[in-house]
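For reference, the structure is listed below as structure tokens.
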Amino acid sequence: MKTTEYIAIYAAIIATSTFIWNIVIWRLNKRKLKLECRYVVMRGTNESPYAGEFIEYKILNLSDKPLRVDSISGTINTPEGKGFFSLASTEIPQTINSMDSYSIFRPAPDIFNKWLRSLYIVDSVGRTYKIKTYTLKQLKRKGETYPCTYGDSENALAYNPPLQEID
């Protein structure tokens, strides 16, 4: 074999390994958002006048690029049929930096008790990221455990998160 053939084989091996490495990096560098939800029941105090049932929506950006969240939505099954809802919020759309999180507190709707079927976030590209089924079941169970526990009820849980303005 001539020297040029060795160089050609070496170049082919390098090009193939570079191509495979780029595919691996592309697969690992996907957009990744995660939605976490918690059912929170708060009692009003003199320092914090917020009281009632709230859902904390926490959005985590697990990718290495900033991502824009366009909506928090879900599906419900009512006696009239299947329906959709979206969280109306002045904070969304929101851009979340790499490896960062963003929390929103909203009053818990009645649909969480009975009819909620799925909860998900939609990014600026149109990809949906669903909440885990286990977390969804916990939300529904908590909604049944604390129905209408406002004020100084003994069943209410004391929780003092850093609150944002709730409209």
- Report the residue count in the stretch 69-92 for those that are buried (at least 17 other Cβ atoms within 10 Å of the Cβ) and at pLDDT below 80. 2
- Task: Looking for whichever is touching a residue at least 60 places away in the same chain (Cβ under 8 Å) and either closer than 25 Å to Lys140 by Cα or open to solvent by 60 Å² or more (accessible area, probe 1.4 Å) (or both) here; the options are Ile25, Ile59, Ile9. Which one fits?
- Result: Ile59
- Query: Pairs, please: C-beta under 7 Å, at least 6 apart or cross-chain, first residue more than 20 Å from Phe54 (Cα to Cα) and in the stretch 78-104, second part of a strand (DSSP E or B) and of a type in the set (Phe, Trp, Tyr)?
  - Reply: Gln94/Tyr102; Ile96/Tyr102
- Message: Is it the case, given these coordinates, that Pro66 is over 12 Å from the mean Cα position of the chain (by Cα), under 30 Å from Ile25 (Cβ atoms) and surrounded by fewer than 13 Cβ atoms within 10 Å (Cβ to Cβ)?
- Response: yes
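The values are calculated or read from the model by the stated rules, or taken from the named source; none is laboratory data. Keep in mind that this is a model prediction, so the values were computed, not measured. Cβ coordinates were reconstructed from backbone atoms using ideal geometry, including for glycine residues, and neighbour counts include every protein chain displayed. These area figures cover heavy atoms from the full protein model, side chains too; ligands, DNA and RNA do not enter into them. Shrake-Rupley method; radii C 1.70, N 1.55, O 1.52, S 1.80 Å.
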